[in-house]
Amino acid sequence: MKNKMLTGISTLMLFIPWTILPLRSFDWALESPAAEIIITCYAVFMVFSGIFTLFAYQRANLQTNRMKACLVINSLYAAFGLLALAMIALPKIL
């Protein structure tokens with residue numbers, strides 16, 4: 001039961017980052033403070049989903065084909081999420 005729940009959560013996390021596309025169709029979502037907040041939240045979620053899937057894959061020993069696909073895709077999401085966070089943070093630091 002635990003394995004199926006972790007696999008379902010990891011699978012669900014594949015589709016949540018794509019909800020930014022309809023959200024960005026609103027005018028208020030394109031304005032400066034709202035856009036930065038939305039992108040930051042999605043980037044943090046993408047990094048979290050990559051870490052969660054990696055943890056579930058290794059620690060819970062969920063090495064099924066579905067989890068392998070989730071691991072690859074969520075790891076790519078995590079990498080792009082870290083890149084987005086760096087692009088947001090670096091100009092403010094430097």
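From the Cα gyration tensor of the range 46-88, with a ≥ b ≥ c the square roots of its eigenvalues, which class applies: rounded if a/c is under 1.5, or else prolate if a/b is larger than b/c, or else oblate? Mind dumping the intermediate values first?
Values: a/c = 4.70, a/b = 2.32, b/c = 2.03.
It is prolate, given that a/c is not under 1.5 and a/b is the larger ratio.
The string of couplings for the range 82-90 from the Karplus curve (6.51, -1.76, 1.60, θ = phi - 60°) is 5, 5, 5, 5, 5, 5, 7, 7, 4 Hz, one whole number per residue in order, with x for Gly and Pro. In order along the range 55-67, the Karplus-derived 3J(HN,Hα) couplings, from 6.51 cos²θ - 1.76 cosθ + 1.60 at θ = phi - 60°, round to 4, 5, 5, 8, 6, 8, 6, 9, 10, 8, 5, 5, 5 Hz, and Gly and Pro are given as x.
Taking 0.36 nm per residue of sequence separation and subtracting the Cα-Cα distance, how much length would be gained by fully extending the chain between Thr11 and Glu36, in nm to one decimal? Intermediate values should be presented prior to the final figure.
Details: separation 25, 0.36 × 25 = 9.00 nm, distance 2.64 nm.
Stretched fully, the Thr11-Glu36 segment lengthens by 6.4 nm.
Working from the Cα coordinates of the chain, the gyration tensor eigenvalues give, after taking √(5λ), semi-axes of 29, 15, 9 Å in decreasing order.
If only the Cβ of Lys and Arg carry +1 and only the Cβ of Asp and Glu carry -1, the dipole of the chain around its Cα centre is close to 560 debye.
When the Cα positions of Cys41, Phe15, Met5 are compared along the charge dipole of the chain, Met5 comes out farthest toward the positive end, with charges on each C-beta of Lys, Arg, Asp and Glu. Axis of helix 2-15 versus longest Cα principal axis of the chain: the two differ by about 30°, to the nearest ten degrees. Between amide H atoms placed 1.01 Å from N, distances below 5 Å from Arg24 occur with no residue 5 or more places distant or on a separate chain.
The numbers here are math on the coordinates, done by the rules we state, and not lab data. None of these values were measured; they are calculated from a predicted model. Here Cβ is always computed from backbone atoms with ideal geometry, including for glycine, and neighbour counts include all displayed protein chains.
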